[in-house]
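Okay, so here's the structure we're looking at.
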Amino acid sequence: MARYFLEVAYMGTHYSGFQVQDHHRTIQSELTRSLEVLFRAPFALTGSSRTDAGVHALQNFFHVDTALELTDKHVYNLNAILLPDVAVKSIRRMPDGAHCRFDAIARAYRYHIYRHKDPFLKDRGWLYPYPLNKALLDEAAGVLMDYRDFTSFSKRNTQVKTFQCTIQRSAWEAVDNGLVYRVKANRFLRGMVRGLVGTMLKVGREQISIDDFKQIIEARNCTLADFTTPPQGLFLEAVIYPDGYFS
């Protein structure tokens, strides 16, 4: 048996998330189906980073153990079987102990909002026509770098051993017709990015102050954060491994 990493990208609009769920189409089930059609053999995939229903990824990973030989030519074959909104970007043979989830040292996400109606952004951003104070958004993004406990930004009933995260980058960027929030951390909690975005936008609209924002973080109470941010603006941008990991 050999271990392979499959690098994938996808539009999550028509999927019920990343991980296999009974009676729902997911990224994992679609890729598993395509592998089994191509090779006429069963496959069990392990995923790197779960994304919610409607969330997109520019890069995500699965690993799989198989006695079959997977090569670069199978990238083309799999993409011919997969639906148009999912793509395999690469296949890499890895050492037996490599683990696409546990070996990752960071993930990077971005969230798009746009100000004016644009049919080409409907499934790739959140139409948010309200006036925003960019300086306050920048300040709120910077505040996050001073904290480690993000219990307030983890959806209720999240089963994790710790709510500690180290945010390595947190910044708002002005783009045509809107803003992009970019965040990188060693790990993320369930719903964390959307909770951060929704709550910071309340700061940007001057509905809450920076001090209020700090109090929400320090309260460690997820009922105080705003998780109403829709999924279509969120992209998993990269899964980051140690330098030389794929050498």
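The values are calculated or read from the model by the stated rules, or taken from the named source; none is laboratory data. Small disclaimer: the values here were computed from a predicted structure and weren't measured. FYI the Cβ positions are ideal-geometry reconstructions off the backbone, even for glycines, and counts take in every protein chain you see. These area figures cover heavy atoms from the full protein model, side chains too; ligands, DNA and RNA do not enter into them. Shrake-Rupley method; radii C 1.70, N 1.55, O 1.52, S 1.80 Å.
Within the stretch 165-177, take every residue that is in contact with a Phe, Trp or Tyr (Cβ under 6 Å, 6 or more places away or on another chain) and free of Cβ contacts under 8 Å to residues at least 40 places away in the same chain and give me the one that is most open to solvent (accessible area, probe 1.4 Å).
Trp172
Inspect the stretch 182-198 for any residue being polar (S, T, N, Q) and more than 16 Å from the chain's Cα centre (by Cα) and give the result as yes or no.
Within the stretch 182-198 (the criterion being polar (S, T, N, Q) and more than 16 Å from the chain's Cα centre (by Cα)), the answer is no, since none of the residues qualifies.
Please find, within the stretch 71-82, the residue that is most open to solvent (accessible area, probe 1.4 Å) out of those that are at pLDDT 95 or above and not β-branched (Val, Ile, Thr).
Out of the qualifying residues, it is Tyr76.
In this structure, is Ile105 surrounded by fewer than 16 Cβ atoms within 10 Å (Cβ to Cβ) and closer than 29 Å to Tyr241 by Cα?
yes
Taking the stretch 109-140, which residues are among the hydrophobic types (A, V, I, L, M, F, W, C), open to solvent by less than 60 Å² (accessible area, probe 1.4 Å) and over 17 Å from Gly195 (Cβ atoms)?
Across the stretch 109-140, the qualifying residues are Leu121, Leu132, Leu136.
What number goes with the only condition from (1) out of contact with any strand residue (DSSP E or B) (no Cβ under 6 Å at 6 or more places or on another chain); (2) at pLDDT 95 or above; (3) open to solvent by 10 Å² or more (accessible area, probe 1.4 Å) that Thr162 does not pass?
Condition not satisfied by Thr162: (2).
Out of Val180, Val197, report the one residue that is crowded, with 17+ Cβ neighbours inside 10 Å, touching a Ser or Thr at 6+ places or on another chain (Cβ under 9 Å), within 21 Å of Thr51 (Cβ to Cβ) and not aromatic (Phe, Trp, Tyr).
It is Val197.
If Val20 passes every condition in (1) at pLDDT 95 or above; (2) open to solvent by 10 Å² or more (accessible area, probe 1.4 Å); (3) of a type in the set (Val, Ile, Thr) but one, which one does it miss?
Answer for Val20: the failing condition is (1).
Restricting the stretch 141-154 to residues that are hydroxyl-bearing (Ser, Thr, Tyr) and assigned to a helix (DSSP H, G or I), which is surrounded by the fewest Cβ atoms within 10 Å (Cβ to Cβ)?
Restricting to residues being hydroxyl-bearing (Ser, Thr, Tyr) and assigned to a helix (DSSP H, G or I), the top hit is Thr151.
From Ala174, Ala87, Ala141, Ala108, which residue is out of contact with any strand residue (DSSP E or B) (no Cβ under 6 Å at 6 or more places or on another chain) and of a type in the set (Gly, Ala, Ser)?
None of the others qualify; the one that does is Ala174.
Assigned to a loop (DSSP other than H, G, I, E, B), open to solvent by 80 Å² or more (accessible area, probe 1.4 Å) and of a type outside the set (S, T, N, Q): does that describe Asp96?
Yes.
Which strands (runs of 3 or more DSSP E) does the stretch 155-247 wholly contain that include 1 or more residues that are farther than 15 Å from Arg107 by Cβ?
Ranges flagged: 167-175, 178-185.
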